[in-house]
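Everything on this sheet refers to the single structure shown next.
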Amino acid sequence: MRSQKLFKGSLQTIILRLLENNDKMYGYEITQKVKELTKGELQITEGALYPALHKLEADGLLDVEVSKVENRLRKYYKLTESGSKETVNKLAEMEDFLRTMQHLVNPKFSL
Amino acid sequence: MKLTESQIDELFKFTRKHYVYHYDVQSELVDHLANDIEEIWVSQPHLSFQEACEKSFKKFGIFGFMDVIEAKQKQMSKRYRNIMWRFFKEWFTLPKVTTTIILFLSILFFLKIQFSEYILLGTLFVFVVFDFINQFRNRKTQKQKKEKIFLLETMIGETKGGFTGVAVINLFNFVNLSDINFSSLEIHWCIIVSLTATLFCVLFCVIHYIIPQKAEELLEETYPEYKLAKSL
């Protein structure tokens, strides 16, 4: 498992991106999906996931839906209209950041 | 292996034991723990329910559910402020703005009457005492009645109580204010005092009466699970 610190700041972007691809998801599903997509390389900690989800909800980027599944209530998160717009911005920001990091870590010197 | 109804109840107790007192936060955590326990049982079927539960809880880190509670409180405070602002604004748009203007003018004229400060102080005192008695009665009945308490519900009640508390503390400041003879003040000072008093009254009315009266409606609007949870 890679260092958690490296992706901590990108947690909101990861959540938004996942919700862009899947109509609605619940907390546990998000942790499992990240684990599956990264083949266990990245693991979202529960203590970080829910605060991030609640923050996104408070900012109006996520909407919630609740249904009874088996013998318990399940809370699903989905993108709002402003959430979809923000996803595009955040992804562009992330790509920019990755490019900059690439230049820093792997600089190409030219004469 | 799936969790039974009684194990789900155990998980609710487990969250309460770890300082999660509100149903909206509890239910989300219970679903998470339940999913994780079921997943743990796939790879380690020999683990007991308690062991699997502790194992799942450890994944939340050393602060346990604290970060989740804190984030939820922040989210709900924001929501409450928005609700408060929504109802506060109503008093400055038609048709309610007429009531606000009448209130403002009444306070303004009232201040011009001699000994108005004593009448004001007396009214406030009587009001605060009655409110205290009322809140004490309500709290008693509420404690007996409710099991599933939502965070926003607590916030509505606590802010209401907090406002009375602030009024009580400031009662002594109002006593000091009674040294001022309002009726001899210049008109611009009277306008400032009346305006402040009007804003205070509107805010008081919103926090104290309007929001608690519409609590049920607001809870349904905020929590999609509200009706569902009540029927369980």
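Here, each number is a calculation from the coordinates, and none is a lab measurement. Predicted model, so just to flag it, every value in this text is computed and none were measured. We place every Cβ from the backbone using ideal geometry, glycine too, and count neighbours over all the protein chains shown.
Just to check I understand the Karplus step: with θ = phi - 60° and J = 6.51 cos²θ - 1.76 cosθ + 1.60, what whole-Hz values come out for the range A:98-107, glycine and proline as x?
Working through the residues one at a time gives 4, 4, 4, 4, 4, 5, 6, 7, 10, x Hz.
To the nearest 0.05, how large is the calculated FRET efficiency for residue A:21 and residue A:70 if R₀ is 45 Å and r is the Cβ-Cβ distance?
Numbers: r = 25 Å, r/R0 = 0.56.
Rounded to the nearest 0.05, the efficiency is 0.95.
Which residues make up the longest stretch of chain B clear of chymotrypsin sites (Phe, Trp or Tyr not before Pro) that lie in a DSSP loop with no more than 15 other Cβ atoms within 10 Å, not counting the sites?
My reading of the result: B:116-232 is the longest stretch.
Placing +1 on the Cβ of each Lys and Arg and -1 on the Cβ of each Asp and Glu in chain B, which of B:109, B:75, B:125 has its Cα farthest towards the positive end of the resulting dipole?
B:109
Tell me, what ³J(HN,Hα) does each residue in the range B:83-100 have, in order and in whole Hz, if you take phi through Karplus 6.51 cos²θ - 1.76 cosθ + 1.60 with θ = phi - 60° and put x for Gly and Pro?
4, 4, 4, 4, 6, 5, 4, 3, 6, 10, 10, 5, x, 5, 4, 5, 4, 4
Please list the non-local residues whose amide H lies under 5 Å from the amide H of residue A:62, H modeled 1.01 Å from N, same-chain partners needing a gap of 5 or more.
It is A:57, A:80, by chain and number.
Give the whole-number value, in cubic angstrom per residue, of the convex hull volume spanned by the C-alpha atoms of chain A. Don't skip to the end; give the middle numbers.
Details: hull volume 13.7 nm³, N = 111.
In chain A, the Cα convex hull volume per residue is 123 Å³.
With the cut-off at 28 Å, tell me which of the pairs A:24/B:148; A:78/B:96; A:35/B:227 have Cα atoms farther apart than that. Don't skip to the end; give the middle numbers.
Details: A:24/B:148 26 Å; A:78/B:96 37 Å; A:35/B:227 34 Å.
From the list (A:24/B:148; A:78/B:96; A:35/B:227), the Cα-Cα distance tops 28 Å for A:78/B:96; A:35/B:227.
Cα atoms only: what Rg and Dmax, in Å, come out for the range B:82-121?
Computed over the Cα atoms of the range B:82-121, radius of gyration and Dmax are 13.6, 40 Å.
With the Cα gyration tensor of the protein assembly as shown in hand, give its eigenvalues times 5 under a square root as the equivalent ellipsoid semi-axes, listed largest first in whole angstrom.
On the way: eigenvalues 487, 157, 59 Å².
Ellipsoid half-lengths, sorted descending, are 49, 28, 17 Å.
Across the range B:120-133, in residue order, what do the Karplus-derived ³J(HN,Hα) couplings come to in whole Hz, using 6.51 cos²θ - 1.76 cosθ + 1.60 with θ = phi - 60° and x for Gly and Pro?
Computed from phi, the couplings for the range B:120-133 are 4, 5, x, 4, 4, 4, 4, 4, 5, 4, 4, 5, 4, 4 Hz.
Can you pull the one-decimal nm distance between simple spin-label points at residue B:191 and residue B:47, each 7 Å off the Cα toward Cβ?
About 7.0 nm, to one decimal.
Which of the aspartates and glutamates could a cross-linker bridge to residue A:85, judged by Cα under 19 Å and excluding same-chain residues fewer than eight apart?
Residue A:85 reaches A:20, A:23, A:57, A:59, A:63, A:93, A:95, A:96.
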